[in-house]
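What follows draws every value from the coordinates through simple rules; no lab data is involved. Fair warning: this is a prediction, and the values are worked out from it, not measured in the lab. Quick reminder, even Gly has a Cβ in these numbers, built from the backbone with ideal geometry, and neighbours come from all protein chains shown.
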Amino acid sequence: MTKFLNVALPKGRLGEKVYAMFERAGFECPSIKENNRKLVFENTEKAVRYFWVKPSDVAIYVERGAADVGVCGKDILLEYQPDVYELLDLKTGVCSMAVAGKKDFVDDRNKTLKVATKFTNIAKNYYSKLGRDIDIIHLNGSIELAPILGLSDVIVDIVETGTTLKENNLEVKEKFVPISARLIANKSSFKFKNQVIEKITKSLREQTDVL
Ligand code: PRP
């Protein structure tokens, strides 16, 4: 029976870019390019199987061994601290974790700061280092709405091009962590499928070194 290497890719533009890197590493799977709603693709000859996973779920699949390796943002690793190996910075999907708010917002340190975010742990950690008292409001998306509607004073969120903030009359107050896509591995898979994982890591490293 073929011992497949199971790879969790983040669904979306980043995932397509990352798949192309795996393809260049010699782990192609042509059926993945067929335009359909399938989520699992395999190439028996190369013993590789790809899954399209919601980006924020990749680390869960890898941590629990449903996938041997995967690609996810550093934001997810910082937020959820999954028990996986972080093998490589793929130097793509580059953005920053930032505090943003209305242009005229002035922080009054005597008041508890209301912070809306998807990244509760990252935000708590950032403000605890500053010794700042905060009230966290956990949201699942469209975080930029919170300061506009007065739900929060600021947001902690990912900024890539800055377009979303600009179009909503918000601005970056501080960028505090650089983020990019990382290759991660399940700890036991790294031991038992070491050869193939090392081979992929090496090729991906060579590809990212020229970026
Ligand atoms: C992310 C992030 C910002 C936006 C930043 O949202 O939460 O809203 O991208 O990108 P930009 O600086 O290039 O404008 P995402 O698209 O993941 O959607 P969300 O609203 O569901 O968080």
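Neighbours of Val94 by Cβ distance under 15 Å: Lys/Arg scored +1, Asp/Glu scored -1, total +3. Along its three principal directions, the equivalent ellipsoid of region 1-147 from the Cα gyration tensor extends over semi-axes of 38, 16, 12 Å, largest first. Cross-link reach is defined here as a Cα-Cα straight distance under 12 Å, omitting same-chain residues fewer than 8 places apart; for Lys114 the aspartates and glutamates meeting it are Asp133, Asp135, Asp153.
Scaling the Cα radius of gyration of region 75-211 by the globular reference 2.2 N^0.38 Å produces a ratio of 1.27.
The long axis of helix 194-209 is offset from the longest Cα principal axis of the chain by roughly 60 degrees. As a quick test, which of the pairs Lys46/Lys193; Lys11/Lys124; Lys17/Lys74; Lys54/Lys173 have an alpha carbon distance above 24 angstrom in this structure? Violating the 24 Å limit, Cα to Cα: Lys11/Lys124; Lys54/Lys173.
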